[in-house]
Structure formats: structure tokens, C-alpha cells
Ligand SMILES: *Cc1c(COP(=O)(O)O)cnc(C)c1O
């Protein structure tokens, strides 16, 4: 069957309706869990918070999990617990969601962008090493697209310096590296429960760590910096509490935690389904020259938050922009993850200059994110493949 003319040139699109790039799946168990909590009398900071934190520890192998109101709050709490403050530097990858870098700015610290490996879009340990100064206090690696960064190489790059190696694991819940689950690999790891992520709670986030003191610090931070010392509370009367630091209201409600708990039960099955779709894509695109999926590092399992391909300009008469527009016209909900963070006007105004990161800035010109989510059918995935093949054939040099 010949595909016919491109939809962008007036042909019939591969699909009649738009296939989104990511989407939550909500089932009856999720609805019941939320309804039960609504009837329980606890709307916020009740038993579901504790239960969700325990379940997150089980899912990640971490000793402590602290839930907060979203993934950005998790990054903020993580860096605050590590003592990051004004005049400190935090190294983050060039290609990530802006929140990774913004969290450093919230604390008055300076984000320093390291380049990424163009084949994986993971932070390049050599570039991170070159970016270190005596002000560097932390590296926040991003488990881009769903696979862990190379934390051993990052720790080697840090050497004897006192620099924390941390994980923005918002893409990689359910993945592992050398058998160690994400959430237990770095000293601290952040998660997001936004609807496009692997566990949807509406909004929500968490930080996992093995360190009880850091966990306690983040619990204080999420509740206005307030602690209650139980002995003094008993002595002074039940009203006693003290605000010890400037915290925030970053609490996550029991309603969100009930949904998160219910969703967490399906995490293994949902990640397995994402991997199945990814294998289908890998197999198909092996036969489409000029369309290359990101590489997964040896030792990693990939939880495929997103499925990114690079369009090699040597093979096509058009660039990524036209390729992207043509796929959209075929009703494939493609996206781009991400624009290099220092290119955003806010960062430009802070003085960051373009052109210092050949790996990531080059890759940015070639990347397209294809739909991948557990509720997609094999037919949906085959539509994506047919659309990519159709557009590649029409634009091939
Ligand atoms: C989603 C995401 C965040 C932020 O999470 P929110 O819950 O939306 O605040 C941070 N970093 C990365 C890499 C993300 O994908």
C-alpha cells in the first residue's frame, strides 16, 4: 500500500484523530481510591501521605521518601536540604526541563550548564568535570527520557571534592542501572507525579534518600520550616512548635497520595508496556535510515518516559522543523524535549550565551519526541511508524 501524498500537502493523514505524545491512564480503582479518601475525613497530611511514602520506599529501595506538592518543589527541597545557597554553583545538563536549573536559582545559587552526550542526551561526565569550580556544591544529573545517567562516572569526576551527585529522576521512575532501581542510585533523587509522568497524582513530587537527617530536613522544609519537639511540647503544653528555617507549604494532600498509591500499583505493568512500544519502534526505525532513536547505556533498563528520535539532516531535503510539522499534519502528537535551558529569554537576560555546548545544542536541532504511553494500542504505535516512514520517504534526498 503506497502512503499517498503528505497530509501537510493536502493528502489524507495517517490518523483521523491526534495521538498525544503522553497521557495518563485512570482506571476504576484510581477513582475508588480518591472517593474513599474524600469520605475518610482526611483531606491533607493524613494516613495516605505515610502510606504513599512507604510504598515509594518499597518501589525504589530507598530508606526514606518525602512527598511534596510537585517535582519542582522536590528539586527545591533537595537542594535546600543539601545546604545550597547564595554564591554556590549547581551543575545541571543543558537539555532538561527548566525546573532542574530553576531550583538552584530559587536558593540564590547559580546553575552551570554541562553539555550532554548527543547519542543519549544524558549529562556528559567530562563536561561536568570541566564545569566544576571551588564554588560547585552539587551536580544534578537528569535521567533523560527514562534511563539513569552514569552516576559512577559523575562520582569519579567529582573525586575528592565535596560535591553532591544528585538525580532529577522525574523521567525514570521504574528504571534501573546495574540492577539498582532509580531512587537508590544517587544520594538524593527527585520524582514528579504530573499526569504525563509514570505515576500520576494530578500534581505531586517526592525526594528519596538513604539519609534520615536529610529526610527530616525536607519534611521541615515542606511545612514552613516548622518542627515540633515532642518533649518540649509535652512540657510547654500542646501548642508548642518552632519555626527553625524559612520553609514553604509544599505539602501533598491525602487526595493526591491516594491516587498516587493506586497508580503506583500499576507502575511495573505500565513501564513494561512503555518498553514494549519502544521495542516496536526500535525494530521499525532500524529500517529507516536517517531516523535514529537515542541510545540506552549498557547496564541500564529504560522506563521510556519519552521516545526521542534524531533526524539526520544529511538524509533529508528538509530540517527538523518541516519534519515535525509534517508528522503533526499526519495527526501524530510529536513534541520536542527540550529547548536548551540557557536559550530561554530569562536565562539570556541572566547573561548565559548560546554556542558553548556543541553536543546538546547540535542535538536540539535534530530531536523529535514521538508518542509513548501505556494506554496506546499496538495500532497507535504502528500509526506512528507509518507516519515516520511516510514523511521520511517523501523528504528523502
Ligand atoms: C516533570 C519534570 C520536572 C518537574 O516536575 P513538576 O511536577 O511538573 O513540577 C522536573 N524535571 C524534569 C526532568 C521533569 O520532567
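Please treat every number below as a calculation from the coordinates, not as lab data. In this text the structure is predicted, and so the values were computed from the model without any measurement. Cβ sites come from the backbone with ideal geometry, for glycine too, and all protein chains shown count toward neighbours.
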GNM flexibility winner over the chain from 172, 363, 74 (Cα, springs under 10 Å) = 363
What is the extension gain from residue 162 to residue 365, computed as 0.36 nm multiplied by their sequence separation minus the C-alpha to C-alpha distance, in nm to one decimal?
-> 69.5 nm
For helix 71-81, report the angle its Cα long axis makes with the longest principal axis of the Cα atoms of the chain; keep it between 0 and 90° and round to the nearest 10°.
-> 50
Kindly rank 337-344, 13-20, 298-305 from highest to lowest mean number of other beta carbons found within 10 Å of each residue.
-> 298-305, 337-344, 13-20
Looking only at the stretch 33-74, which residues have a backbone nitrogen under 18 Å from a spot 7 Å from the Cα of residue 269 in the C-beta direction?
-> 33-34, 59
Within a Gaussian network of the chain (alpha carbon springs, distance under 10 Å), most fluctuating of 89, 265, 164 = 265
Residues listed by number, the stretch 266-291, amide nitrogen under 17 Å from residue 378 label point at 7 Å toward C-beta | 272-285
Proxy reagent accessibility, fewest Cβ within 10 Å first, across 218, 376, 78 | 376, 218, 78
Put a dot 7 Å past each Cα toward the Cβ at residue 26 and residue 130; how far apart are the dots in nm?
-> 4.7
Residue span residue 155 to residue 244: 0.36 nm per residue of separation minus Cα-Cα distance leaves a gain in nm of 28.8 nm
Quote to one decimal, in nm, the extra length available between residue 343 and residue 16 on full extension: 0.36 nm per residue of separation minus the C-alpha distance between them.
-> 114.2 nm
Sort 271, 388, 182 so that the residue with the fewest other Cβ atoms within 10 Å of its own Cβ comes first and the one with the most comes last.
-> 271, 388, 182
The chain, helix-only ellipticity at 222 nm - DSSP H runs n ≥ 4, -39,500 (n - 2.57), divided by all residues, nearest 500 = -11000 deg cm²/dmol
Which one of 384, 50, 309 has the biggest mean-square fluctuation once the chain is modelled by GNM with Cα springs under 10 Å?
-> 50
Highest mean packing first, using Cβ neighbours within 10 angstrom, the peptides 55-62, 317-324 sort as 55-62, 317-324
Rounded tilt (10° steps) of 320-329 against the dominant C-alpha axis of the chain | 90
Ranked on Cβ counts within 10 Å of their own Cβ, fewest leading, 137, 48, 353 go 353, 137, 48
Against the longest principal axis of the chain, how steep is helix 47-60, in degrees 0 to 90 to the nearest 10, with axes from Cα atoms?
-> 60
Counting DSSP beta bridges with both partners in the chain, what percentage is antiparallel, nearest 5?
-> 65
Range of Cα positions in the chain per principal axis (Å), largest first | 82, 53, 39
